[in-house]
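Read-outs throughout are calculated quantities, based only on the coordinates presented, and are distinct from any laboratory measurement. Keep in mind that what you see is a predicted model, and the values were worked out from it rather than measured. Cβ sites come from the backbone with ideal geometry, for glycine too, and all protein chains shown count toward neighbours.
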Amino acid sequence: MVQLRDASTKSPESRPIPELSGGTPLIGHLLEFQRDPVAMLSRGRSQLGDLFQFRLGPRQFVLFGGPEAHDAFFSAPEDQLNAKSVYQFTVPIFGRGVAYDVAPEIMDEQLGFLYPALREAAMQQFARIMYEETSLFADSLEDEGAFDLPAAMNELTVKIASRSLIGQEVRDQVDSWFADAYHDLQKGINTLGFFLPRLPTPGHRSRDRARKQVAELFGGIMTERRRAGARPDDFMQSLMDASYADGRSLSDDEITGILLTVLFAGQHTSAVLATWTGLELARASSYVARVRDETQAVFGETGSMNLDGLKQHVTMQHAVRECERLHPPLIILIRKVLQPMRYGDYVIPAGTLAMVSPAMSHRLPHLFAEPDRFDPDRFSAPALEDKQHPYALIGFGGGKHRCMGKHFAEMQVQAIWTVLFDRFELSFETDFPAPNYGSWVTGPETPCQLHYKRRSQGRVFR
Ligand code: HEM
């Protein structure tokens, strides 16, 4: 394995980092990247290997491609490869004094408060919520028809996330105004916001107004909980009960900010992974037949969903993992190089942006056989393709910033499609949609309609 070392004066000589061909003097590779970033990065990886550089407008990037390079990227200390400088665009949404607005140690402490709310007992409760919300959605459909898949998954995951991750009181507001306010906040994540997050555009003004409304809602709920002495088992309560190492309790504004951080990190990404999973399964009828058999075997007796059953439902788990591989919602992850970093014979200079691309690396043919094919069995013995290297599959990141909601997200997507494929025949009549690279989280091009027909027999969940 290539070792990561500091680029100190004692380091051996370094070679120039290979440069991707085809850039133009003014904008570098910007147009090719906007058209199809994954094809561009794959071209670079196959021509130049683990490490290569390119320019997007004024910014110089270095791609770390393949599991060994991922290891170096994810293991680098924060003062060398820094996430905070890259995620500044989130500060107007999450708020001051939390997440990427504070020192990494404080962000770690803030996110650490949430781990108790993700323990096994809480996951049992989440499995029930996921099942109930999906059942409500299924019950709201006619016997036959079509629905807008990304919109449906967005709505469903907002309900699941607000109820499980924040609190029932917020879920109760989703059908009225909360979904709109959340949508205005989501629109704050755009290209302009990335470069000039505080520019007073109409979009940014709506974002700031929505942030204020959400803060008022969350603040009101916390006041009411304190007044009534209610202590539900959720993220909001974990934060209300927590205190920093120096003994200080969190302010309502900090709690709101941390809850928004988690909601943003977890909801849209989950909606997009759920969308891709539905699409892949809708064209894999023989695999769906196996999923349904397993649904019957695991849940048939009780007809209700629980965590233990989801853990036994391996065909669906592998389908979700295969969609994480083929369609990772975050196709690139970026850090700013604060101190020169050595990788093999190369030294990456400070000021560069370092990048890994789950979408590119997940299709490396030496790791994943026939990488463009949907084949969940690649994760079963004897293939176990994802086990070849700890950083072969990186759809949920790795190292100190790895996703804290991975199990929650996987379980959610699994629960949604276990219920929906049990209740409906699902298909689409168009070609399989291409990825829409215009958005920060990469879902399919829209419109993207899924046709459904209620199954008259074989239903497990009632
Ligand atoms: C399919 C759904 C999801 C995907 C694909 C996903 C993916 C990721 C990735 C790739 C990272 C690393 C980012 C980086 O290195 O720059 C990350 C971090 C994070 N995720 Fe997720 N995530 C998902 C769902 C969730 C959920 C449900 C939650 C909350 C329960 C969550 C909370 C977080 C948090 C708080 C971080 C930041 C951790 C840190 O920087 O220390 N994610 N996620």
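Computed values, structure above
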item	result
FRET efficiency for Ser75 and His407, using Cβ-Cβ distance with R0 set to 22 Å, rounded to 0.05	0.45
For Phe428, distant residues with modelled amide H under 5 Å away	His451
Farthest toward positive dipole pole in segment 315-462 [+1 Lys/Arg, -1 Asp/Glu at C-beta], among Gly438, Leu420, Phe461	Phe461
Alpha-carbon centroid distance for the pair segment 132-178 / segment 32-88, whole angstrom	36 Å
Net +/- balance of residues flanking Ile27 in space, Cβ distance below 11 Å, scoring K and R +1, D and E -1	+1
Residue-wise HN-Hα coupling along segment 429-445, computed from phi with Karplus coefficients 6.51, -1.76, 1.60 (Hz; x: Gly, Pro)	9, 9, 5, 4, x, 7, x, 9, 7, x, 10, 4, 9, 8, x, x, 4
Cut-off under 5 Å, modelled amide H: who pairs with Ala383 long-range	none
Charge context of Asn82, other residues only, Cβ under 11 angstrom, K/R +1, D/E -1	+1
Candidate aspartates and glutamates for bridging to Lys387, where Cα separation is under 18 Å - those fewer than 8 sequence places away on the same chain excluded	Glu68, Asp71, Glu322, Glu324, Glu370, Asp375, Asp377, Glu410
Across Lys159/Lys400; Lys311/Lys400; Lys336/Lys400, pairs whose alpha-carbon gap is larger than 23 Å	Lys159/Lys400; Lys311/Lys400
J(HN,Hα) series, segment 221-226, from Karplus relation 6.51 cos²θ - 1.76 cosθ + 1.60, nearest Hz, glycine and proline x	5, 5, 4, 5, 4, 5
